[in-house]
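The structure appears below as structure tokens.
Only the coordinates and a few stated rules stand behind these numbers; no lab work does. Since the model is a prediction, treat every value here as computed from it, not as a measurement. Positions of Cβ are generated from backbone atoms using ideal geometry, with glycine treated the same way; all protein chains shown enter the neighbour counts.
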Amino acid sequence: MGIFDKFKSGFKKSASAFTSGLKNIVVKKEIDDKTLDKIEDYLIQSDVGTTAASEIREIISKTKIDPNKDTAEEINIILKDYIVELMKPLESFDFFKKKEKLNATLVSGVNGVGKTTTIGKISKILKVNGNKVMLAASDTFRAAAIEQLENWAKKVDVSLTKSSQGSDPASVAYKAIEDAINNQFDQVLIDTAGRLQNKKNLMEEYKKIANVTKKIDSEAPHDVILVLDATSGQNVLNQVEEFNKIIPITGLIMTKLDGTAKGGILLAVAKKYKLPIVALGLGEKEDDLQVFEAEKFADAFTQIN
């Protein structure tokens, strides 16, 4: 099974639910205002967001639908074209490429989004692309988090800097970058504790980790990746808003798109924030992180082709 097939298959539960729901609305050849209202409401319910839903409604209303073709399929094509146009500029292939000098990446997100697992998957892609990778276990609150990252480091055969549970997270990040520079690593991925965006003390510590990295490299962290859980729905927008205030986000990764999640939330995030989308998580295996491609996401979301 190729990457695209795996992506489409993994995303099928949420996408199939979406497209079948759309077909139930579009039962007539002619799209009247009532049907347009239903389509817009359905898109909003699917977490696409009010702005995107309104724009898609407007495009459908102005598009001449061929009465000889399946109306629902024609609307799906309109939706696919909209997604590609919106998301193509947000592709972020450079993130995974071999770097000319050390690239320090801070990985953040609220509890339970799959942050540590995602770091392990990222490190595998980076390594395949020729990068020498170091992981920093800066989630020192939980011994389990340190152990989990250590297991991933062994699984994908990359280096790890860690300390004991309860130690200063910023000092672990500092040591990892220091060791990486001295040993000519290309990438450092810094795991951070899962934190609620409304907990001020935790967010201050998160900021401290970023500030400490600047003592070694004034441009660090070079990337700040926010991991999001597709099952969180509209709460995702609030997470992006709050984390972006603390340290500007350079890329997003959305996980748990393999379940019954409404994948439409990614459209809402893309429309509102226009932040680069680095990858999508589709499962627990080490190969279940897919580098984001707008065309493939649009195909999978609409289940076209």
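Table for the structure above
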read-out: Local net charge near residue 276, Cβ-Cβ under 15 Å (Lys/Arg +1, Asp/Glu -1); value: +1
read-out: Antiparallel DSSP beta bridges within the chain, as percent of all bridges there, nearest 5; value: 10 percent
read-out: At 1.567 mPa s and 4 °C, Stokes D of segment 93-293 from Kirkwood alpha-carbon radius, µm² per second; value: 78 µm²/s
read-out: Reachable aspartates and glutamates from residue 80, criterion Cα separation under 14 angstrom, eight or more residues apart if same chain; value: 55, 293, 295, 299
read-out: Residue of 221, 89, 276 that the Gaussian network model of the chain assigns the largest fluctuation, springs spanning Cα pairs under 10 Å; value: 89
read-out: Relative counts (whole %) of C-alpha pair distances in segment 124-172, using bins that are 5 Å wide; value: 5, 24, 28, 20, 14, 7, 2
read-out: All aspartates and glutamates inside 18 Å of residue 207 as judged from Cα atoms, apart from same-chain residues fewer than 8 positions distant; value: 139, 168, 191, 217, 219, 223, 241, 242
read-out: All aspartates and glutamates inside 16 Å of residue 256 as judged from Cα atoms, apart from same-chain residues fewer than 8 positions distant; value: 47, 229, 284, 286, 287, 288
read-out: Efficiency of FRET from Cβ geometry, residue 30 and residue 50, R₀ 22 Å, rounded to 0.05; value: 0.30
read-out: Distance in nm between pseudo-label sites at residue 41 and residue 61 (7 Å out along the Cβ direction from Cα); value: 1.6 nm
read-out: Within segment 25-63, backbone nitrogen closer than 16 Å to the virtual label 7 Å beyond the Cα of residue 234 toward Cβ; value: 40-54
read-out: Value of [θ]222 nm, deg cm²/dmol, for the chain, DSSP H segments ≥ 4, -39500 (n - 2.57) each, nearest 500; value: -15500 deg cm²/dmol
read-out: Cα-Cα over 30 Å, subset of 162/245; 155/200; 97/271; 98/162; value: 155/200
read-out: Choice from 294, 153, 144 showing the highest fluctuation, given a GNM over the chain with Cα pairs closer than 10 Å; value: 144
